[in-house]
Number of protein chains: 2
Amino acid sequence: MAVDGSLDGTGIAAADWSKVRDLLHARGLRWTPQRRALLEVLASTDGHVTGAELVERCRAIDPATIPSTVYRTLDVLEEIGFVSHSHTADGREQFHVLPVVEHGHLECRRCHDSWEIPVDEAAELVTALERGRGFAVDLSHLSILGLCAACRES
Amino acid sequence: MAVDGSLDGTGIAAADWSKVRDLLHARGLRWTPQRRALLEVLASTDGHVTGAELVERCRAIDPATIPSTVYRTLDVLEEIGFVSHSHTADGREQFHVLPVVEHGHLECRRCHDSWEIPVDEAAELVTALERGRGFAVDLSHLSILGLCAACRES
DNA sequence: ATTAATGCAAACGGTTTGCACTACT
DNA sequence: AGTAGTGCAAACCGTTTGCATTAAT
């Protein structure tokens, strides 16, 4: 996989990287090899990963990766709106990239696989809570634990 | 507040304690001062507390309280079905006493207050996920973050 | 007399912090 | 040159573990 957006041939990822680079530069922030590595990792996720997983995957690219650098970069990426975070059922931080649509997460307590819940699937709950209690649900922080179809059968 | 269920005059708490004591004895487990203290704390909660909060409140009763004892007791209380646990939005363990009805939690990201969500309020979501994906929601682990009515106004 | 439960201390895992140094701009 | 970002190490917080000791049965 390409490491520099400007030389990349895969399209989407390259576009995202230069966008991030520009957003950083616009704020006087900098583009470093460590940030590039994290962006590379983020670009190849299916949309949600824990902080610890990101550290691990960055280490695959650069074994010298330091956790604090990853977490600090995640903070700035969250500030510029490139990622957002919620929490898994067992309390670890869960990050997701540029959510095109806001969504929650569904997690199986047995196989620990997880899926996204799009707005429309949670719509009834969200509007019910809003109408009944005036509570504005933060869907991107919604994490539902349960048993997936496959695990229920076996 | 009374410390021994058999001498207690307040009713509910005393009943719960002897029930727990009996459940423990039925399994060859023991009734200790430390467990009594935790039960006293649990009896006076509004239904949900974090593990760390329980440790702190037990210390108010007995300053010599040891965290591991509290957590170990919570484990057995969960085993005998007297409490169950989920996780708060920031990932700490959240315990609740004998849920008469299974329920989730609503937490305000600003004032950090929290409320219970009874089954019926989550019913639509639960059945939608079950029908659409065969996913069995674990309502007692459901924790929704958002902005409460009071905090939205100000 | 059993053996469950405790106190203690140390370790855990994920994340955060302080600080001197490095390297983007 | 200026200062954002890094590497490192140490601290953090809530929770868990191992083990010798205590105490409920």
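What follows draws every value from the coordinates through simple rules; no lab data is involved. Keep in mind it's a predicted model, so treat the numbers as computed, not measured. Glycine gets a Cβ as well: all are built from the backbone with ideal geometry, and neighbour counts include every protein chain shown.
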Shielding of B:140-152 by partner chains, average beta-carbon count, 10 Å = 6
Principal axes of chain A: Cα extent on each, largest first, Å = 48, 39, 30
Once exposed loop trypsin sites (Lys or Arg not before Pro) are cut out (DSSP; at most 15 other Cβ, 10 Å), longest piece of chain A = A:31-91
Would you mind giving the mean number of other chain beta-carbons within 10 Å of the Cβ of each residue in A:128-139, as a whole number?
-> 6
Spacing of the two label points (7 Å from each Cα toward its C-beta) at B:Asp113 and A:Glu78, in nm = 2.5
Shielding by partners - mean other protein chain Cβ count within 10 Å, residues of A:117-126 = 4
Computed from the mean reciprocal separation of all distinct C-alpha pairs, what Kirkwood hydrodynamic radius does the protein assembly as shown have, in Å?
-> 22.0
For each of A:Ser143, A:Ser114, count neighbouring Cβ atoms within 10 Å of the residue's Cβ, then give the residues from fewest to most.
-> A:Ser114, A:Ser143
